[in-house]
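In what follows, a single structure is set out as structure tokens and then discussed.
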Amino acid sequence: QVQLVESGGGLVQPGGSLRLSCAASGGIFSTWNMNWYRQAPEKERELVASITSGGTTNYKESMKDRFTISRDNAKNTVYLQMNNLKPEDTAVYYCNARRYYAADLWGQGTQVTVSS
């Protein structure tokens, strides 16, 4: 079984930080391009950050200074460090693996709620 499992979401105060993790199993993680998406209430899913198998990162412009995507291939895990969180960051965050040889993999999502 090949799967992605997100963790690390929760309730945080505005200005706080969270670190999301996405653990992969059953595949060659180091060859995958990894992405974090999010979907807020009444909004369409949007791409937040990406990291290629070679380590090149990309961000939605509004996230560039606050969010950091990274990966640890030894642990088959991709991370999303989120700092200075704002209420508008409230969403379900999804891990995605994009592979040249197969359909995308998606995690189950983890809820991030930013509220006073």
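Note on exposure: VAL5, VAL92, VAL48 ranked by accessible area (1.4 Å probe, complete protein assembly) read VAL5, VAL92, VAL48, with the most exposed listed first.
Exposed loop positions in the chain were taken to be GluC sites (Glu not before Pro) whose DSSP state is not H, G, I, E or B and which have at most 12 other beta-carbon atoms within 10 angstrom. Between these positions, the longest stretch is 45-116.
Considering only ALA24, ALA102, ALA91, the Gaussian network model of the chain with Cα springs below 10 Å gives its largest mean-square fluctuation to ALA102. When a 1.4 Å probe is rolled over the protein heavy atoms, the share of accessible surface on the chain that falls to carbon and sulfur comes to 47 percent.
Within the listed set SER62, SER17, SER30, the Gaussian network model of the chain (springs between alpha-carbon atoms below 10 Å) gives the highest mean-square fluctuation for SER62.
What accessible area per residue, rounded to a whole number of Å², is obtained for the chain using a probe radius of 1.4 Å?
I get 53 Å² per residue for the chain.
Put simply, the amide H of VAL48, placed in the peptide plane, has neighbours under 5 Å in TRP36, TYR37, ARG38, leaving out anything fewer than 5 places away on its chain. The charge dipole of the chain, taken about its Cα centre with unit charges on the Cβ atoms of Lys, Arg (+1), Asp and Glu (-1) only, comes to about 220 debye.
Can you give the extra length, in nm with one decimal, that the chain gains between ARG66 and LYS43 once fully stretched, where that is 0.36 nm per residue apart less the Cα-Cα distance?
6.2 nm
Under the combined filter of DSSP loop state and at most 12 neighbouring Cβ atoms within 10 Å, the stretch 1-91 retains these trypsin sites (Lys or Arg not before Pro): LYS43, LYS64.
The values are calculated or read from the model by the stated rules, or taken from the named source; none is laboratory data. Model, not experiment: these values are computed from the prediction. Reconstructed Cβ throughout: ideal geometry from the backbone, glycine too, with neighbour counts over all protein chains shown. Please note that ligands, DNA and RNA were not included when accessible areas were found on the heavy atoms of the full protein model with its side chains. Shrake-Rupley method; radii C 1.70, N 1.55, O 1.52, S 1.80 Å.
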